[in-house]
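Notes for the one structure printed next.
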Amino acid sequence: AVPDTGGIDAAPPDAGPVICGTPHPSRPVGSDRDDTATRTYALRDILVDQRGDLWEELGWNLDERCSLALTDEPACIPPEADRGPLDGSGGVDNVFGQRVLRQLADINPSFQQDMRAAMLEGRTNIIRLAGWNGTDNDPRVEVFVAEAAGHVRLDGADAPQWDGNDRWNVADVSFVGGNPDRPIALDDNAYVVNRRLVAQIPDRQPFLIPWVGRSTRFEVTLTQGRISARISNDGNALEDFTLSGRFGDSDLEDNWIRFGSCDAESLRRALELQFGALYDLRSAPGSGGPSVDCDAMSVAIGFTGVAALYGEVVEALPDDSMTCP
């Protein structure tokens with residue numbers, strides 16, 4: 001735990017060094033005390049249709065630099081282009097939303113609606129917040145992410161009602177050996193600053209995204225993965241929830257191949273050409289440079305978290321992904 005500093009209330013966060021763009025807010029200072037509040041949230045209202053300038057509102061500055069003009073030095077060079085796409089306002093890094101998700105929305109305008117419907121029916125993630133002092137600033141809380149595995153309501157309703165009384169079971173694959181005391185996607189050093197929750201996700205830990213069509217799941221597998229959200233005034237919602245990070249080339253291509261085509265090698269070659277011009281980061285932070293190939297794409301996806309009840313650890317829901325002969 002963070003050492004007790006004599007009971008002084010948490011002070012406003014240290015702004016940190018002045019850098020370009022919009023980094024995640026810094027950890028507040030002060031004592032870590034009265035940590036009694038525990039909250040559970042289920043995610044819904046996925047935001048993947050980021051056309052217009054919406055992609056800039058979701059993202060963060062991941063590489064701590066601004067590439068706003070062609071004369072600005074990039075973090076790295078995409079393997080299939082002279083340079084990657086420019087950043088958004090303030091250095092926001094979210095090429096996935098800017099380019100890839102925009103193309104999907106143009107091809108299928110209903111894809112966000114379909115994904116939201118899948119989440120409403122139960123294909124979602126559970127966020128567990130523990131050790132929170134209930135105030136606007138807490139220098140240390142515990143957060144873990146688990147894949148939902150069905151729900152139970154005392155009133156017998158078949159579908160989730162999203163009224164705070166849905167009891168969500170969590171998938172055994174979210175825990176080491178299915179042990180409920182050993183969650184995998186755990187950050188025991190997360191924090192709350194000005195009522196915004198900031199937590200890290202272990203590198204390359206899959207984050208389930210519901211899909212519709214030839215597969216029911218798409219796994220966002222990030223490095224430098226973070227979740228951030230504003231805790232509502234009554235504590236019953238996570239507002240402006242954002243999942244962000246660096247989506248490495250092999251993980252990104254493998255996800256498309258899972259449900260895109262049985263001719264994996266042909267699709268991989270096509271993806272290498274298309275994505276190879278969009279990579280704007282290195283998978284490992286700090287490993288880039290103006291002469292180094294990019295190998296990752298910046299990502300930001302939005303959600304809303306709704307208060308829920310925490311259930312039991314059970315077997316994961318079946319994966320309806322396409323199978324190939």
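The values are calculated or read from the model by the stated rules, or taken from the named source; none is laboratory data. Because the structure is a prediction, the values reported are computed rather than measured. Calculation scope for accessible area: heavy atoms of the full protein, side chains included, ligands and nucleic acids excluded. Shrake-Rupley method; radii C 1.70, N 1.55, O 1.52, S 1.80 Å.
Side notes on the structure shown:
- The radius of gyration of the Cα set in region 94-162, together with its Dmax, comes out at 17.3, 46 angstrom.
- For region 172-208 versus region 75-123, the gap between their alpha-carbon centres in whole angstrom: 24 Å
- Kirkwood hydrodynamic radius over Cα pairs of region 99-138, then Stokes diffusion coefficient at 20 °C and 1.002 mPa s, in µm²/s: 162 µm²/s
- Relative to the current alpha-carbon distance between Asp114 and Trp162, full extension at 0.36 nm per residue lengthens the span by 15.5 nm.
- Figure note: Tyr279, Tyr191, Tyr310 ranked by solvent-accessible area, largest first, 1.4 Å probe, ligands and nucleic acids not counted: Tyr310, Tyr191, Tyr279.
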